[in-house]
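The values are calculated or read from the model by the stated rules, or taken from the named source; none is laboratory data. None of the values given here were measured: they were computed from a predicted structure. Here the Cβ is made from the backbone with ideal geometry for all residues, glycine too, and neighbour counts use every protein chain on show. Protein only, heavy atoms only, side chains kept; ligands, DNA and RNA dropped before computing areas. Shrake-Rupley method; radii C 1.70, N 1.55, O 1.52, S 1.80 Å.
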Amino acid sequence: MAQPARPPAGYPSQNGAGQQPYSNGPVQNQLMHSSDGQGYSPSVPGSYSHQTPAKIPPHQSSGQYNYSGSQNVSQLNNYQGPGQTLNRPPVAPFSRSPVQQTGPVPQVLLPALQNSAAISSAGSFPPGASPPGLSNWQYSQTPVSQPVGSQASHLAHVTGTGSAQPPSSLSGNTNPPGSYQYAASPGGPPLQNSYVKPGSAPPPVTQPLTPLHPPARPPLGPPPVGGPPLIRPSTLIAGPPNTQSLLNSAANREGDATSAASDGSVVQNSYDAIEGGGLMATPHPSPAPPNLKMNRSVGYSYPTLPPGYQNTSPPGAPGMQASALQYPDGSKHFHQPALGTSRLTASMGGLSLQQEGLRPMNLLQERNILPTTLLKAPVPNLHEDIQKLNCNPELFRCTLTNIPQTQALLNKAKLPLGLLLHPFKDLSQLPVVTSSTIVRCRSCRTYINPFVSFLDQRRWKCNLCYRVNDVPEEFMYNPVTRVYGEPHKRPEVQNATIEFMAPSEYMLRPPQPPVYLFVFDVSHNAIETGYLNTVCQTLLDNLDLLPGNTRTKIGFITFDSTIHFYSLQEGLSQPQMLIVSDIEDVFIPMPENLLVNLNENKELIQDLLRTLPQMFTKSLETQSALGPALQAAFKLMSPTGGRISVFQTQLPSVGMGALKSREEPNQRATAKDIHLTPSTDFYKKLALDCSGQQVAVDLFLLSGQCSDLASLGCISRYSAGSVYYYQSYHHKHNPVQVEKLQKELKRYLTRKIGFEAVMRIRCTKGLSIHTFHGNFFVRSTDLLSLPNVNPDAGYAVQMSVEESLTDMQVVSFQSALLYTSSKGERRIRVHTMCLPVVTTLSDVYLGADVQAITGLLANMAVDRSVSATLSDARDALVNAVIDSLSAYRSSVLSIQQPGLMAPYSLRLFPLYVLALLKQKAFQTGTNARLDERIFTMCQVKNQPLVYLMLMTHPSLYRVDNLTDEGALNINDRTIPQPPILQLSVEKLSRDGAYLMDAGSVMFLWIGKNCGQSFISQVLGVPNYGSIPQNMTHLPELETAESIRTIAFISWLREQRPFFPILYIIKDDSPLKSSFLQNMIEDRTESALSYYEFLLHIQQQVNK
């Protein structure tokens, strides 16, 4: 595919560039369905009437986040820094004198942004024009017509000129079957699905479905030659008109992919060539195999069987032998019993449970609807043989587990269609396949998976584009069972989540080494907080645990109003500081000695970490040159790529990227004046440059004052980094934050990391993806650029039904993440999910996943807050509930009943949306500081669904009466499982103790009349009055109550990558207000109670 470069026009406010109306399919960010604007008079006290807005007349959405654009790809094999050393006078160890420049300055400069205009954070409407009011999110597809030629602004030359030459053929590999190796994933417990080299006794693997009866092994013969049959491009194009220009790009990874720009220039897009195009890819024409007896032309046929295994017997029927139908090529046909829609649910013993999802509930009458255990993802209504192969919902989840057949049906349901992904999650079991052939569809480049169809031994049909592909000779042998002729039993076809060891053709350059650069704020303000002691000590403790190998490199930069580099050259007795005071034109002194091999220079590195905290204790420098420090870090890292970890404690005040405070505490209440957009485009532009050179920036903000996170956060967001925020961090005044920083920094330093990654999400022909959420940059229409990928990051995408899914019983979704491991291996992690297609509105509601819907709406609401206003986002969230329940009432309910009726599957929808409205990201009132609000929005966009839901709707448990009944037993520990309570003061008793788990924070509320045994045996104090005011730790006592309570809290903490502080509070505690703020069902100063909210929704639905 042609790789679009940075556009000359201004950047809109999301991850991408350009002002074209669509960049990943037509922009569907008009989030909600429109309806007539109507006022309302809620039946609640008048003082609250302004809090929950009525539906507002719809306006056309504008200012949406468009994704596109690109950046220069780093040159191949360019690992060396400039090989020139500056002629400089010797610098005394740790001298603070500025370095004098005596010769030419070797600058590691990358091509500057060309024609870069100011980045328009508010969207793509003309300057001076205010965005129209946006209230309703439309899930419908609004076609936008634009000539193909208008895409020319996205094409430019790429700096890289060479490319590794891969083998010229994908299917003609004649390596012997024995070349397969199945390696267990490193680390963790022994894997159930681990694969060993042929020759040793293979361990058991996941059992296949009802056994297939393979035909006798056919004669070997030569491997298939020639490409697949030609498919008309018109049947493949799933995107808008601009995808026509992409049809010239190579679908396969053979050689360099080039495409002609409209100006006649040739553009290289190696990433697309490597990962393979989406549905826009052009197949390689070749004659069709002779005499294929198919009821449809090859390439168009839809499977009569949902994915996979054709000899699954109907429930209760005897197993059927494979028919001996002779094919002209000598292979035998696998019999496919029709598995129609009526049979999709035939084996589900829980049909009554399925219908429970449609049971109408009157939410105004049924008050105790919150489940007492954590809500699980709904199970798709598929044949059990298919479902047991499906992807784990913790990794891949859809808002609707029943996919509507048409966009019209989706529009009618008024529910959003989208995916939520956690693609790099830590897994205890991950099948890892080493093979010289990775089997993929020749047309759409989908990886073979459990949901493809095998027409016979030699051919498989893609479950995304329905192309018929040849089975490569090497794939016929299964090294796990050591049987030839069972391609359907290979691990690639038995596991929805799998990791491939990628061969050399999946590399643009040799895999980069792990490179870690730490950038520390050492201004007076930073030294005062004491953070440097904590960070340096944590680094010292975990230096040997940094992911990497013998090539791992590390470096350090510190800054105040000047920038300080540290030479760690071999042979030095101690680190040498080099000071650059010219922050307007930063250069890199002695670049070859600033990033050094960790293993070879460990002693110097440890010396530096021990001395750094003391070096600046007497500094009176208050200025902060963060921008120039980041520019210097980028120049230092760009030859290799890697990770920059920057620690900042205040507003940047000098040099490029300097900012001024935009927060006025007295105006926090007025939602219209909240500054959610960046005040400068400097950090976004720098992030895009970083992304182009495979550099990600992680920001640790430890600040007491407003530091304009809306602007600073762009450096992480567009470079696929992470943001950490420690409000009012101080080692003495706020010691509880010190432990939080230590624990989270340890996790950050030691967790798995992937470098120079790209991710693409594919879906069955007829579906299209149009908006992405998360921290990344969209490189070419649908390829996400992830310079770093970490196991704690989540992503979301919005989808639409572009073509009717008629004749399809199921659809599939596949994400492929190509990355370099810290050990220097190129790997591909693939997740595939299969879902049924339905034709009725009631079935769409039946399969609604209310948590996934809430998570996707939260991501959409963050975008709306930035592109329009916070109040627009709040309106849109409320309207999402009103619209869906109105549609259910008018189109599904056969008998109109009084009250507020909802299907059982959506019974928690109003509660979750009310919880979103009360969350710091979207709440009104003076409680939320600006940086705190922005950080919460960052979390919404970057956290996996499970953490986002906990942060939105906390879990409340009574813990003064914990028992072992129903407890979990994990590693010889007994973990109590108390029931989850509703978030209302009504549920609190003064004689109890209650734990509230709000994700990143926990509260243990002790009632005034709490039992004496709990106070003494868990808190370790004699009575209620003796409980300290600022207690944040439970003492480890040798009592059964203490052991149970600590085990339960520890178990909750262990399940997340961040460290929640535990606050123990009493009735007179200053933190009691924070505890009560999370009581979602109760009224607060600025928000309705749950019951009042339901009355408001009912009033709107019944209009």
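Largest accessible area first, the residues K376, K823 order themselves as K376, K823 under a 1.4 Å probe with ligands, DNA and RNA left out.
Counting only aspartates and glutamates at least 8 places from K425 when in the same chain, those with an alpha carbon closer than 20 Å to its own are E394, E492, E499, D698, E744, E756, D792, E825, E1054.
Cross-link partners of K1103 among aspartates and glutamates, defined as those whose alpha carbon lies under 12 angstrom from its own and excluding same-chain residues fewer than eight positions apart: D36, D883. Cross-link partners of K1066 among aspartates and glutamates, defined as those whose alpha carbon lies under 20 angstrom from its own and excluding same-chain residues fewer than eight positions apart: D960, E986, D991, D997, E1041, D1082.
Annotated for the stretch 644-770: lysine pairs at least 8 residues apart or interchain, Cα distance under 25 Å, count 9. With a/c under 1.5 counting as rounded, go ahead and sort the stretch 516-585 into rounded, prolate or oblate using the C-alpha gyration tensor (a ≥ b ≥ c being the square roots of the eigenvalues; past the cut-off, prolate if a/b is larger than b/c, else oblate). In terms of gyration-tensor shape, oblate. S504 contributes about 70 Å² of solvent-accessible surface, heavy atoms of the protein only, 1.4 Å probe. Across E473, E1038, E499, the residue with the most accessible area heads the list, and the full order at a 1.4 Å probe is E1038, E473, E499. Net charge of the neighbourhood of Y1024, taken over other residues with C-beta under 15 Å away and scored Lys/Arg +1, Asp/Glu -1, is 0.
When E825, E570 are compared by accessible area of protein heavy atoms, the largest-first order is E570, E825, using a 1.4 Å probe. The heavy atoms of D991 offer some 80 square angstrom of accessible surface to a 1.4 angstrom probe.
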